[in-house]
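Here is the structure we will look at.
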Amino acid sequence: MLSDKTIAIVKSTVPLLAEAGTVVTEHFYNRMFSHNPELQDIFNMANQRSGRQQFALFNALAAYAQNIDNLAVLKEALARINHKHASMHILPEHYPIVGGHLIGTLKELIPAQFTPEVEYAWREAYALLADICITEEAALYAHSKNNHGGWSGTRQFIIAKKQAESELVTSFTLVPVDGKAVITHKPGQYLGIKVKPTDAQYSEIRQYSISQQSNGENYRISVKKELVPAAGIVSNYLHSLDEGSVVELYPPAGDFFLRANNKPVVLISAGVGQTPMLAMLQTLLSDTTNQTVTYLHACENTQQHSFSQFLVEQAAAHTRLNHYTWFNQGGEEAEFTGLMNVSAVAKQLPLGEGDFYICGPTGFMAAIKQQLLALDVDAARIHYEVFGPHQDI
Ligand SMILES: Cc1cc2nc3c(=O)[nH]c(=O)nc-3n(C[C@H](O)[C@H](O)[C@H](O)COP(=O)(O)OP(=O)(O)OC[C@H]3O[C@@H](n4cnc5c(N)ncnc54)[C@H](O)[C@@H]3O)c2cc1C
Ligand code: HEM
């Protein structure tokens, strides 16, 4: 428990953090990576360069300081962080390193305001937050290790099959080298994959949503090639690997998954955002309920339309599945042309009771959320996944 005094001091420093802006987190990362260069093997250095992770950490710290007397409001945000941390095997011993650099940063950047009294309050507050994270992450690690097919840290998997799904996306079926079972994942969850691409300075960890339902034997991920020059460190490296190559995986994690509540479900994706939807779709269609499933997907053109054959087959086999596709560039096969417009199929959707799951670029997800809200879908029934550090939409 924090004292009233500590709470008051930490809350009073929120404006200081806001004024310093991302300068604080930039300084923090520079400091941490120069003192602890080994952490560059854990952090996504491309996110560092693009500033996306700086923004995420800064937001988390500001939200924490702001809500220090009511941490319940941060429950969801913390769960998301804990799952992301678990997918990279962040351990208790990492917390004092990060905490030390955080305090050091504030001391160096705002020495006049960061008095010994303020420092003491921040140390106490950080220790509490670290404890919460360590406890939650320990529970996730225990689950991954102690359940059938589970493991701790990295485990070697062989690329048993590579399957081109479209012009940009290729699926990889990953089978454990030890030939044993793999732990069940919830449909929508992702894997942390650790590789050291040829010529790369550091090991790299990235998350990829599992693109099939759980089968106890293997996982499948479907990866989009990055076309931005000098980017695509991991995705393009994976595309370059042959069947038979070995990669390292952390156990499944993630708080974006299908709720088992027997309600009708609407899955909405754009581009490679299809991947968690496929796991959800397969799971839904193999369950014993008779709930309707609607799948709306948007993609650039037919060449970039992954899993089209699979969807046609599923719709033929299951009358409770309806699916609609928007092709931005139109074309002969286009059912809908241009950007996705949910109201075009609104009559077919369970607007008043269904659960809506969205995955795709953040601009796409924000637009779809607005469309759903305009159709009176309750915000609490809209769930989404960002393929990068989380952003509110
Ligand atoms: C929960 C989750 C699930 C995901 N699931 C999938 C999935 O199923 N399939 C999939 O394909 N991807 C998925 N991703 C994304 C994936 O983790 C990677 O982010 C993606 O493959 C790109 O990684 P990379 O190493 O290939 O590219 P990176 O080299 O990391 O580059 C990524 C982006 O960073 C930016 N960037 C890189 N270098 C610079 C620079 N110097 N300056 C400015 N900007 C730069 C560019 O915008 C570039 O496009 C998921 C991500 C998350 C968080
Ligand atoms: C209490 C302290 C911490 C807070 C508040 C915090 C907060 C965050 C947040 C908000 C994210 C982004 C989550 C998302 O993807 O949406 C994140 C990701 C991450 N965190 Fe932490 N974190 C803490 C401690 C640590 C520690 C101790 C480490 C280990 C060195 C660590 C390593 C990482 C890494 C590697 C990522 C992913 C970054 C990326 O891939 O770009 N964090 N954290």
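The values are calculated or read from the model by the stated rules, or taken from the named source; none is laboratory data. Keep in mind that what you see is a predicted model, and the values were worked out from it rather than measured. Cβ placement follows ideal geometry from the backbone for every residue including glycine, while neighbour counts extend to all protein chains displayed. Calculation scope for accessible area: heavy atoms of the full protein, side chains included, ligands and nucleic acids excluded. Shrake-Rupley method; radii C 1.70, N 1.55, O 1.52, S 1.80 Å.
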(request) Would you list, by chain and number, the lysines whose Cα falls below 29 Å from the Cα of residue 224, excluding same-chain residues fewer than 8 positions away? (result) 84, 161, 162, 180, 186, 194, 196, 369
(message) On C-alpha positions alone, give me the angle between the axis of helix 274-285 and the longest principal axis of the chain, in degrees, nearest 10.
(response) 60
(request) Determine the shape class of the stretch 223-353: with a ≥ b ≥ c the square roots of the Cα gyration tensor eigenvalues, call it rounded for a/c under 1.5, and otherwise prolate if a/b is greater than b/c, oblate otherwise. (result) oblate
(request) With r as the distance between the Cβ atoms of residue 127 and residue 177 and R0 = 45 Å, compute the FRET efficiency 1/(1 + (r/R0)^6) and round to 0.05. (result) 0.70
(request) Check cross-link reach from residue 5 to the lysines: straight Cα distance under 25 Å, and skip same-chain residues fewer than eight apart. (result) 75, 107
(request) Determine the calculated [θ] at 222 nm for the chain from helices alone, applying -39500 (n - 2.57) to every DSSP H run no shorter than 4 residues and normalising by the residue count; nearest 500 deg cm²/dmol. (result) -12500 deg cm²/dmol
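For the chain, with all protein chains present and a 1.4 Å probe, just round the carbon and sulfur fraction of the accessible area to a whole percent.
Values: 9630 of 18320 Å².
The computed percentage sits at 53.
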(request) Could you work out the longest stretch of the chain that avoids the GluC sites (Glu not before Pro) located in DSSP loops with at most 12 other Cβ atoms within 10 Å? (result) 94-242
(request) Would you please give the FRET efficiency between residue 260 and residue 107, computed as 1/(1 + (r/R0)^6) with r the Cβ-Cβ distance and R0 = 51 Å, to the nearest 0.05? (result) 0.60
(request) Enumerate the residues in the stretch 330-366 having an amide nitrogen under 15 Å from the point lying 7 Å beyond the Cα of residue 312 toward its Cβ. (result) 332-335
(message) In Å², and per residue, what accessible area does the chain have when probed at 1.4 Å with the other protein chains present?
(response) 47
(request) Calculate how many DSSP beta bridges within the chain are antiparallel, expressed in % of all such bridges and rounded to the nearest 5. (result) 55
(message) Quick query: amide H of residue 149 versus all other amide H atoms, modeled in the peptide plane; which residues come in under 5 Å with a sequence gap of 5 or more or a different chain?
(response) none
(message) Report the Cα centroid-to-centroid distance between the stretch 150-190 and the stretch 114-145 in angstrom, as an integer.
(response) 32
(request) Pop a pseudo-label 7 angstrom from the Cα along the beta-carbon direction at both residue 347 and residue 147 and give the gap in nm to one decimal. (result) 4.2
